[in-house]
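The values are calculated or read from the model by the stated rules, or taken from the named source; none is laboratory data. What you are looking at is a predicted structure, and each value in this text was computed from that prediction instead of being measured. A quick note on method: Cβ atoms are made from the backbone with ideal geometry, for glycine too, and the neighbour counts reach across all protein chains shown.
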Amino acid sequence: MDRAEAEALFAGAQVVHVASTTEEGEPVLRVVHGVVVRGAIAFHGAPAGEKTEAVGRPAVVACEEIVASIPSYFVDPARACPATTLYRSAQAHGVIARVDDPDHKAEVLEALMRKYQPEGGYTPIEAAHPLYRKAIEGILVLSVPLERLDGKAKLMQHRAPEERARLLVKLWERGAPGDAAAIEVIRRASPDTPAPAFLEAPAGCALACALGPGDVEAAVDLLEGAYWNQGVPRVVIARALLGATAWVGARDAAGRLVATARAISDGARRAWLFDVMVAPALRGVRLGEALVRMLLDHPAVRGATHVHLGTQDAHGFYARFGFRDRAALPPRPFTSTEMVLVRG
Ligand SMILES: CC(C)(COP(=O)(O)OP(=O)(O)OC[C@H]1O[C@@H](n2cnc3c(N)ncnc32)[C@H](O)[C@@H]1OP(=O)(O)O)[C@@H](O)C(=O)NCCC(=O)NCCS
């Protein structure tokens, strides 16, 4: 894992572990809310207590992200030995320093607020602000430089590409929460992994079985002009994407997002597909078909007995997957009316 990736892991970690020693040489381990500011991991504490004593001591700061747990039977039907966990982790060794400059302290505290309260709702922290001046003086801010920084990713990078591809299939079949995202993390770490059948896409395109916050802007660009999104603000389209149970897409050879589709689903009875869109330049090469096929096979969607969607003019496209006009279904043994509450 390169330095930028290890730093990004620290920046995104919900908590950071800090291991050090007391004056008596006893080991101590703390879990802190940490932010990366001026090339160091910074955190705060009360001006008295264990954290104060830590100033000037060597420390290790660490964070990790579990990507997927791999049961032994994915690899071997009998032996327990292959059971493992895929993860990304970062560690930095350094000496704990106290941050005394009020502007630097304010920068750390403001970064903590932005990380843990991104919705705002407070006056931004500045050293000279009358709301904060006293509090900044009183609070202890510590930092450990990220100079001696190591990152480790255990994502099957050292296995044969075919073995990795087999693991992707196992993860897709298992479909536990996080497995679709894990598939994309593993592929990003080893771009030479062959695409298994469920990810097969037309030449020049690659399907992605899980999109995330970094794809929101590009996906909203694709969806903004669609007839069903007329008058829907970009921020609402974005929230709908991030709130979906399954959100998939496709990228071109340059890595640009060129297709997107999402579903909400209870995984058992009902799923709904929404926002199916292929970039105009790539329509007609069977990308839409590959995308919808993958979405219908997505772990969150594949178990639903009824999959719904609405379309103005793509009935023929969806018919190839088995979708039918609802009116053509046999009548239910009871009568009901679809009701809706429209807000806003
Ligand atoms: C509809 C859409 C997703 C289809 O994607 P695509 O990549 O262009 O379609 P594909 O190349 O995979 O088409 C597969 C087949 O479906 C057919 N097809 C594509 N769009 C169709 C449509 N709107 N109506 C009927 N058939 C359609 C193709 O002709 C092709 O048929 P073939 O196998 O006989 O050659 C894409 O055109 C799109 O994004 N349109 C604008 C947004 C939209 O309307 N989304 C759906 C909203 S419900």
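Would you mind stating whether residue 310 is within 16 Å of the ligand (Cβ to nearest atom), assigned to a loop (DSSP other than H, G, I, E, B) and either assigned by TED's automatic domain parsing to the domain that holds residue 205 or out of contact with any Pro (no Cβ under 9 Å at 6 or more places or on another chain) (or both)? Can you show your working first?
Numbers: within 16 Å of the ligand (Cβ to nearest atom): yes; assigned to a loop (DSSP other than H, G, I, E, B): yes; either assigned by TED's automatic domain parsing to the domain that holds residue 205 or out of contact with any Pro (no Cβ under 9 Å at 6 or more places or on another chain) (or both): yes.
So residue 310 fits the description; yes.
Considering 316, 310, 344, 284, which residue is over 25 Å from residue 180 (Cα atoms) and touching a residue at least 60 places away in the same chain (Cβ under 8 Å)?
Details: 316 fails: touching a residue at least 60 places away in the same chain (Cβ under 8 Å); 344 fails: touching a residue at least 60 places away in the same chain (Cβ under 8 Å); 284 fails: touching a residue at least 60 places away in the same chain (Cβ under 8 Å).
The unique qualifying residue is 310.
If you check residue 300 against the conditions, is it away from the ligand (no atom under 16 Å from the Cβ) and touching a Ser or Thr at 6+ places or on another chain (Cβ under 6 Å)? Full working, then the answer.
Values: away from the ligand (no atom under 16 Å from the Cβ): yes; touching a Ser or Thr at 6+ places or on another chain (Cβ under 6 Å): yes.
Yes; evaluated as a whole, the condition is true for this residue.
Out of all the residues in region 152-162, is one or more within 26 Å of residue 266 (Cα to Cα) and either outside the structural domain of residue 37 (by TED's automatic domain parsing) or modelled with pLDDT under 95 (or both)? Don't jump to the end; show me each part of the working.
Looking only at region 152-162, we keep the residues that are within 26 Å of residue 266 (Cα to Cα), and these are none.
For region 152-162, residues within 26 Å of residue 266 (Cα to Cα) and either outside the structural domain of residue 37 (by TED's automatic domain parsing) or modelled with pLDDT under 95 (or both): absent.
Is it true that some residue in region 13-34 is of a type in the set (D, E, K, R), over 17 Å from residue 65 (Cα atoms) and touching a strand residue (DSSP E or B) at 6+ places or on another chain (Cβ under 8 Å)?
Quick first cut of region 13-34, residues of a type in the set (D, E, K, R) only: 23-24, 26, 30.
Remaining after also requiring over 17 Å from residue 65 (Cα atoms): 23-24, 26, 30.
Filter once more, so that each one left must be touching a strand residue (DSSP E or B) at 6+ places or on another chain (Cβ under 8 Å): 30.
Checked against the condition, which is being of a type in the set (D, E, K, R), over 17 Å from residue 65 (Cα atoms) and touching a strand residue (DSSP E or B) at 6+ places or on another chain (Cβ under 8 Å), region 13-34 yields at least one hit.
Within region 315-344, take every residue that is part of a loop (DSSP other than H, G, I, E, B) and under 23 Å from residue 199 (Cα atoms) and give me the one that is farthest from the ligand (Cβ to nearest atom). First the steps, then the outcome.
As a first pass, look at region 315-344 and keep what is part of a loop (DSSP other than H, G, I, E, B): 320-325, 329-344.
From the residues that got through so far, the ones that are under 23 Å from residue 199 (Cα atoms) too are 320-323.
On the way: 320: 6, 321: 10, 322: 14, 323: 10 Å.
My answer is 322.
Does region 267-280 contain at least one residue that is out of contact with any Leu (no Cβ under 6 Å at 6 or more places or on another chain), acidic (Asp, Glu) and at pLDDT 95 or above?
no
Condition check: free of Cβ contacts under 8 Å to residues at least 24 places away in the same chain, closer than 22 Å to residue 304 by Cα and out of contact with any strand residue (DSSP E or B) (no Cβ under 6 Å at 6 or more places or on another chain). Does residue 225 satisfy that? Before the answer, list the steps.
Values: free of Cβ contacts under 8 Å to residues at least 24 places away in the same chain: yes; closer than 22 Å to residue 304 by Cα: no; out of contact with any strand residue (DSSP E or B) (no Cβ under 6 Å at 6 or more places or on another chain): yes.
Criteria not met by residue 225.
Assuming residue 24 fulfils every condition listed in (1) closer than 14 Å to residue 94 by Cα; (2) free of Cβ contacts under 8 Å to residues at least 24 places away in the same chain apart from one, which condition is it?
(1)
Cβ contacts < 6 Å: first residue at pLDDT 95 or above, restricted to region 111-135; second residue among the hydrophobic types (A, V, I, L, M, F, W, C) and part of a loop (DSSP other than H, G, I, E, B), any location; separation 6+ or different chain. Result?
Note: pairs meeting the criteria are 123/131; 132/125.
Within region 1-79, which strands (runs of 3 or more DSSP E) (wholly inside it) include 3 or more residues that are at pLDDT 95 or above and surrounded by 13 or more Cβ atoms within 10 Å (Cβ to Cβ)? Before the answer, list the steps.
Working: elements: 16-21, 27-32, 35-37, 40-45, 58-70.
Per the criteria, 16-21, 35-37, 40-45, 58-70.
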